Amino acid sequence: MRHISKLPDVGTTIFTVMGALAKKHHAINLAQGFPDFKMDENLIDLVTSAMQNGHNQYAPMQGDLGLREAIAKKFDLLYGTSYHPENEITITTGATQAIFSIISAFIKPNDEVIIFRPAYDCYEPTIALNGGKTVSVALESPNFKVDWNEVKSKINSRTKMMVINTPQNPIGTVFSEADMRQLQQLTIGTDIIILSDEVYEHMVFDGEKHQSACLFPDLKSRSFIVASFGKTFHNTGWKMGYCCAPQPLMSELRKVHQFNVFSVNHPMQKALAAYLQNENRYLELSAFYQQKRDLFLSLIKDSRFKFTPSKGTYFQLLDYSGITQENDVDFAKRLTVENKLTSIPISVFYDTKIESKMLRFCFAKKDETLKQAAEILNQI
Ligand code: PMP
Ligand code: GLN
């Protein structure tokens, strides 16, 4: 039987490839973004109770109302603006499914979507599956600043959506208030939808404030905010997330969501609704991860790797240009095989060849794991 691939250029994701290599060579895995420490037992107990209390059948299509109310409260507390739990918040199977459903709900053949590279890997294939065209704005090291004039030059009548990601994976940068104001200015009066991937909203360092798209009224009116409980509560394997948007946008999203998954794991939603009542559980996260970042960087300060401390996310880029001129994919593989430490090469998040010699390391790890990794980096 013959078939034509809808994604001829797509292979297996770099996270799977590097994870498998780490396993094969018994390497310390700082590649895929997940913690190697335990999540909170209290949250596990809450899931058990929810199951014992009979929440084992389909949840409502939009998500458990209690959880949606808890999310609405969180927005109010953090950003002084909220979303209506009935018709502006939907619980999803992780951020990935929210992103897939949002793009599928709005992108038609030949629509253009602007993304900022290096970009998280699920945006482009999802745009392509829907017949859309990805238009890239490349951010360049060392500081990866956005040139808003370049963005402006790429907006035209076919531009249907822009995807932003602050804090940004894989580079660990954040958009400033000035960036968000520029974005707002550029999109005012247009029909451009913003997909604001904010899965790292609770990992922002050095006293900076997370600049959510919901803080800027005109941006809020055209934005989907996407979030991930897996990132926030140390349980990426649960694949729980949500998205928020004004009602006219959200009702289109739900048309797709209901046929994509219909509804999401019920007992976990009940548990998360109860767990979110204590805001310290997410408010303490930035300090927790800043301490991990600082430990990691202090341990490798005398190594031959160069770095600018990450401003957000739980990823740190290390520049190895003082060590070798190998490309980043080869060097990441060699580090795994020969030195037993695995990272992610960042060139795979671009659509063109790039010169920078950078690897991404995940510091959501036990202190002892970070110490072992640092020992290896110090020997290279
Ligand atoms: N967006 C970004 C920027 C990510 O790094 C990830 C990975 N966590 C996701 C979306 C997907 O999140 P989830 O695991 O909740 O699907
Ligand atoms: N978000 C995670 C990362 O960037 C990976 C998730 C995945 O493997 N798709 O490492």
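The values are calculated or read from the model by the stated rules, or taken from the named source; none is laboratory data. It should be emphasised that the depicted structure is a prediction, and the values quoted were computed from it without experimental measurement. In this analysis, Cβ positions are derived from the backbone assuming ideal geometry, glycine residues included, and neighbour counts consider all displayed protein chains. Just so you know, the surface numbers come from the protein's heavy atoms only, side chains and all, with ligands and any DNA or RNA stripped out. Shrake-Rupley method; radii C 1.70, N 1.55, O 1.52, S 1.80 Å.
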Can you pull the one-decimal nm distance between simple spin-label points at T13 and H84, each 7 Å off the Cα toward Cβ?
-> 3.4
For segment 83-132, what size does the Cα cloud have along each of its three principal axes, sorted from largest down, in whole Å?
-> 33, 23, 17
Hey, how much of the P(r) for segment 1-99 falls beyond 20 Å, as a percent of Cα pairs?
-> 66
State the Kirkwood hydrodynamic radius of segment 266-380 in Å, one decimal place, computed from all pairs of distinct Cα atoms.
-> 15.9
Work from the charge dipole of the chain (Cβ charges, +1 for Lys and Arg, -1 for Asp and Glu, about the Cα centre) and give the residue of T96, T190, A50 farthest towards its positive end.
-> T96
For segment 224-290, report the translational diffusion coefficient in µm²/s to the nearest whole number, using Stokes-Einstein at 4 °C, 1.567 mPa s, and a Kirkwood Rh over Cα pairs.
-> 95
If the chain between F262 and D330 were fully extended at 0.36 nm per residue, the gain over the current Cα-Cα distance would be 20.3 nm
Loop-located chymotrypsin sites (Phe, Trp or Tyr not before Pro) in segment 223-314 whose Cβ has at most 16 other Cβ within 10 Å (DSSP) | F262
Count neighbours as other Cβ atoms within 10 Å of each site's Cβ, and list the GluC sites (Glu not before Pro) in segment 1-95 that are DSSP loop with at most 15 such neighbours.
-> E86
Please give the peptides 327-340, 47-60 ranked by average Cβ packing (other Cβ atoms within 10 Å per residue), highest first, as a rough proxy for protection.
-> 327-340, 47-60
Under 9 Å, Cβ to Cβ, from T232 - net charge with Lys/Arg +1 and Asp/Glu -1 | +1
Choice from D64, D40, D218 with maximal GNM fluctuation in the chain (Cα, 10 Å cutoff) | D40
Enclosed volume per residue, in Å³, of the convex hull spanned by Cα atoms of the chain = 153
Signed unit charges on C-beta, dipole axis of segment 201-344, positive-most listed residue Q290, F224, Q316 = F224
Once Rh for segment 167-303 is found with the Kirkwood sum over Cα pairs, what is the Stokes-Einstein diffusion coefficient at 25 °C and 0.890 mPa s, in µm²/s?
-> 144
In nm, spacing of pseudo-spin labels at N149 and N53 (7 Å Cα→C-beta vector) = 5.8
Please give the FRET efficiency for D45 paired with Q247, using the beta carbon to beta carbon distance and R0 = 35 Å, rounded to the nearest 0.05.
-> 0.50
Among G132, N169, F307, whose Cα sits farthest toward the positive end of the charge dipole of the chain (+1 at Cβ of Lys/Arg, -1 at Cβ of Asp/Glu, about the Cα centre)?
-> G132
Log10 I(q)/I(0) at q = 0.19, 0.26 Å⁻¹ for segment 320-362, from Debye over equal alpha-carbon scatterers, is -0.52, -0.93
Value of Rg/Rh across segment 53-202 [Cα atoms, Kirkwood radius] = 0.99
Quick one: pull the percent of accessible area on the chain belonging to carbon and sulfur, 1.4 Å probe, ligands and nucleic acids left out.
-> 50
Check each of the trypsin sites (Lys or Arg not before Pro) in segment 35-98 and keep only those in coil by DSSP with at most 10 other C-beta atoms within 10 angstrom; list them in order.
-> K38
Label-to-label distance, nm, for residues given as K108 and N280 (7 Å Cα→Cβ offset) = 5.2
Give the calculated FRET efficiency between D206 and H3 to the nearest 0.05, with a Förster radius of 45 Å applied to their Cβ-Cβ distance.
-> 0.35
Give or take rounding to whole Å, what are the principal axis extents of the alpha carbon atoms in segment 54-118, in descending order?
-> 44, 34, 23
What is the dipole size for segment 8-142, taken about its Cα centre, with +1 at each Lys and Arg Cβ and -1 at each Asp and Glu Cβ, in debye to the nearest 20?
-> 300
What is the dipole size for the chain, taken about its Cα centre, with +1 at each Lys and Arg Cβ and -1 at each Asp and Glu Cβ, in debye to the nearest 20?
-> 660
